[in-house]
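Participant: Can you keep this structure in mind? I'll have questions shortly.
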Amino acid sequence: MGEKFDVVVVGGGTAGCILAARLSEDAQRTVLLIEAGHDYPSVSETPVGVKDARYVPMRGHAPEFDPDHDWGLNAIGNADSLIAVPQARLIGGGSAINGMIALRGATADYDEWVALGNPEWDWPHALAAFRAMEDDTAPDLAIHGRGGLVTISRSDEHEYAPLQKAFVDSCRGLGHQEAWDLNAPNAEGFGPAPMTRVGTRRLSTAASHLDAARGRPNLTIRAETVVNRIVLQGTVVTGVELVGGEVIDAGEVVLTAGAIITPAILQRSGIGPADLLDSLGIPVVSDLPVGSNLGDHFSVPLLAPPREGSWHLDDFSLQTVLRASTSVQPGSLDAQLTMFSYLNVRTTAEGTRGLAGEGSVGLENVAGMGCVLNKPRSVGTVRIVSTDAADLPAVNPNYLGEQIDRDAIREIVRLGWSVLTSEPLASMLLEPIGLDAETVADDAALDAAIENKTASGYHFTGTCLMAAPDRGGVVDQHGSVHGISGLRVADASVVPTTPAANSMLTTIMTAERIAAFARGREFAPVDAAEADSGSRRVFAEAAL
């Protein structure tokens, strides 16, 4: 008989660090956290790229990229092209290597959650959870939190890297609205991105949540350990099986391996679409739409080589954003421009494309922005290709599958082009790569360029949909898998619809709430009138 724990948390990423820390607060509960990648248990052991907030150490972003921290996943693009998709493989997950943008999304996002059969996930409940988990210096305590574990900070304008300052000045010169607090409900405009950092120190959930829990005698962390499948007796979970055959017994299993790997584990365990499981010879335990409803913020990069002296590798790569709504989806916050001081072309493999463009040895670093569709309506799939955990699943995001997405991203690219080619940003860059004014002005030509440039935003969600069973749900609103006893999912894969913001903060909030549900606790909702007044106040201020 192998080891036994009350709870096994599978995946030590953004959500997994939170679940392990929160569940182990109960000294009577033994918790095992399993992570496929590396663990850096102290700051001194942590690589510079992971702990320094100036860098985004992902494939295609910075030379600090470490392939050992990445699953090496490529998604399927149009005409079977390959799109580079950085997916973290280390304790802390995406929060340990991403851009650290901590945006909340739109209040209307939560109306979509409720409509799918999740009444406890309306905006007042979500706002209560955001306030409880945050330590934000923003002044309005009606909509922001103090004293939480997630530090939210923003750069002052005098701290901006030169290209970040130029982006802001170009937005200002074009007459766009300035918005210092982009986490105010439904705020639009340009300004500093709220980020999970303290000074130049990255604050991943490994740092914010897990580090303080490491010394607890009831918490065990096993890194560089890959889970093959969930072990079940009928429809009751009894543990997990590791690659190599070791079985660890558990009273409960919580999957937090992310929106790509979590559905793959479920499918290998016999929980997933019956047609897929039958085709691979996997006995069907529960025929659920696991791996469907894949959402992602896709992006069209606008890139140009920076002029000499306009950037330095010690600059912050990312500090500023512009958020807006297109005419296609008014008020949705579906448009975002994310400015990068540098993107490293050489770390994008030859034959794939990412935010840094096509993998090539012709350039080292480029600068520019991601033109991001924050409310895509196209959804894709994640499907395992074999029963071997070493084989990564097939990921088909189905970018541009809906006409509304094509119309919206065209408008967003034109917005980005206007900023990229305005002063002072234009003078700090050489000629844009692969795009010109004539193409941008012509609908058909721009649509063709978008087809060839669309890249992932790395914000996968929805593959274990939180919804009622009759609405395609895989889990209920407490994260419990429908029809399976002792199994929860608590990561981005349960997020029902793509949030109108970078997905990290939504993932953290979701993990905090599901951890609370697992402990029989809850965040009391903010009074609905107070939550609504915050939104109305922001709109009123924007109109002044």
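The values are calculated or read from the model by the stated rules, or taken from the named source; none is laboratory data. Since we're looking at a predicted model, the values are computed, not measured. No Cβ is skipped: glycine too gets one built from the backbone with ideal geometry, and neighbour counts run over all protein chains shown.
Participant: Return the only residue of E25, E35 being among the charged types (D, E, K, R) and crowded, with 23+ Cβ neighbours inside 10 Å.
Facilitator: E35
Participant: Scan region 207-265 for residues that are of a type outside the set (A, V, I, L, M), in contact with a strand residue (DSSP E or B) (Cβ under 8 Å, 6 or more places away or on another chain) and either assigned to a strand (DSSP E or B) or over 30 Å from P289 (Cα atoms) (or both) and report the count.
Facilitator: Number of matching residues: 13.
Participant: All but one of (1) in a helix (DSSP H, G or I); (2) of a type in the set (G, A, S); (3) on the phi > 0 side of the Ramachandran plot hold for G94; which doesn't?
Facilitator: (3)
Participant: Taking the condition of being assigned to a helix (DSSP H, G or I) and among the acidic types (D, E), how many residues in region 164-179 meet it? Before the answer, list the steps.
Facilitator: At the first step, the residues of region 164-179 found to be assigned to a helix (DSSP H, G or I) are 164-173.
Subsequent filtering for residues that are among the acidic types (D, E) retains 169.
Matching residues across region 164-179 total 1.
Participant: Moving on. Quick one: which of F298, F316 is modelled with pLDDT under 95, crowded, with 18+ Cβ neighbours inside 10 Å, among the hydrophobic types (A, V, I, L, M, F, W, C) and over 14 Å from R229 (Cα atoms)? Even if it seems obvious, please write down each step before you answer.
Facilitator: Values: F316 fails: modelled with pLDDT under 95.
The unique qualifying residue is F298.
Participant: For E423, state whether it is more than 26 Å from the chain's Cα centre (by Cα), farther than 30 Å from L276 by Cα and modelled with pLDDT of 95 or more. Let's see the steps before the verdict.
Facilitator: Working: more than 26 Å from the chain's Cα centre (by Cα): yes; farther than 30 Å from L276 by Cα: yes; modelled with pLDDT of 95 or more: yes.
Yes.
Participant: Condition first: part of a strand (DSSP E or B) and at pLDDT below 95. Now tell me which residues in region 3-23 satisfy that.
Facilitator: If the condition is that a residue be part of a strand (DSSP E or B) and at pLDDT below 95, then no residue fits.
Participant: Tell me which of these E159 doesn't satisfy, since it passes every other one: (1) within 22 Å of A511 (Cα to Cα); (2) surrounded by fewer than 21 Cβ atoms within 10 Å (Cβ to Cβ).
Facilitator: All conditions pass for E159, except number (1).
Participant: Every residue in region 240-276 that is touching a Phe, Trp or Tyr at 6+ places or on another chain (Cβ under 8 Å) and either of a type in the set (V, I, T) or free of Cβ contacts under 8 Å to residues at least 24 places away in the same chain (or both), please.
Facilitator: I248, I260, I261
Participant: Quick test for you: out of N186, N118, pick the one residue that is touching a Leu at 6+ places or on another chain (Cβ under 9 Å) and not charged (D, E, K, R). Working first, answer last.
Facilitator: Values: N118 fails: touching a Leu at 6+ places or on another chain (Cβ under 9 Å).
Step by step, each of N186, N118 is checked, and only N186 is touching a Leu at 6+ places or on another chain (Cβ under 9 Å) and not charged (D, E, K, R).
Participant: List pairs: first in region 37-49 and in contact (Cβ under 8 Å) with a residue 24 or more places away in the chain, second charged (D, E, K, R), Cβ under 6 Å, 6+ apart or cross-chain?
Facilitator: G37/R89; G49/E64
Participant: In region 180-206, which residue that is at positive phi and part of a loop (DSSP other than H, G, I, E, B) is surrounded by the most Cβ atoms within 10 Å (Cβ to Cβ)?
Facilitator: N186
Participant: Name the residues in region 125-154 that are part of a strand (DSSP E or B), surrounded by 19 or more Cβ atoms within 10 Å (Cβ to Cβ) and over 19 Å from the mean Cα position of the chain (by Cα), would you?
Facilitator: D136
Participant: Would you say D80 is of a type in the set (D, E, K, R), surrounded by fewer than 24 Cβ atoms within 10 Å (Cβ to Cβ) and farther than 21 Å from G11 by Cβ? Walk me through how you get there before you give the answer.
Facilitator: Values: of a type in the set (D, E, K, R): yes; surrounded by fewer than 24 Cβ atoms within 10 Å (Cβ to Cβ): yes; farther than 21 Å from G11 by Cβ: yes.
Considered against the rule, which asks whether it is of a type in the set (D, E, K, R), surrounded by fewer than 24 Cβ atoms within 10 Å (Cβ to Cβ) and farther than 21 Å from G11 by Cβ, D80 comes out as yes.
Participant: Here is a follow-up. Within region 350-383, take every residue that is assigned to a strand (DSSP E or B) and charged (D, E, K, R) and give me the one that is farthest from I404 (Cα to Cα).
Facilitator: E350
Participant: Can you tell me which of (1) out of contact with any helix residue (DSSP H, G or I) (no Cβ under 7 Å at 6 or more places or on another chain); (2) at pLDDT below 95 is the one D26 doesn't meet?
Facilitator: Going through (1) out of contact with any helix residue (DSSP H, G or I) (no Cβ under 7 Å at 6 or more places or on another chain); (2) at pLDDT below 95 one by one, D26 breaks only (2).
Participant: Yes or no: region 337-349 includes at least one residue that is in contact with a helix residue (DSSP H, G or I) (Cβ under 8 Å, 6 or more places away or on another chain), part of a loop (DSSP other than H, G, I, E, B) and at pLDDT 95 or above.
Facilitator: no
Participant: For region 387-429, name all the residues that are assigned to a strand (DSSP E or B) and under 29 Å from P330 (Cα atoms).
Facilitator: Keep residues of region 387-429 that are assigned to a strand (DSSP E or B), which gives 394-396, 429.
Once the filter is applied, which keeps residues that are assigned to a strand (DSSP E or B) and under 29 Å from P330 (Cα atoms), region 387-429 yields only N396.
Participant: Any chance you could count how many residues in region 107-124 are in contact (Cβ under 8 Å) with a residue 60 or more places away in the chain and under 20 Å from the mean Cα position of the chain (by Cα)?
Facilitator: Residues in region 107-124 being in contact (Cβ under 8 Å) with a residue 60 or more places away in the chain and under 20 Å from the mean Cα position of the chain (by Cα): 7 in total.
Participant: If you go through region 266-296, how many residues are assigned to a strand (DSSP E or B) and β-branched (V, I, T)?
Facilitator: Qualifying residue count, region 266-296: 1.
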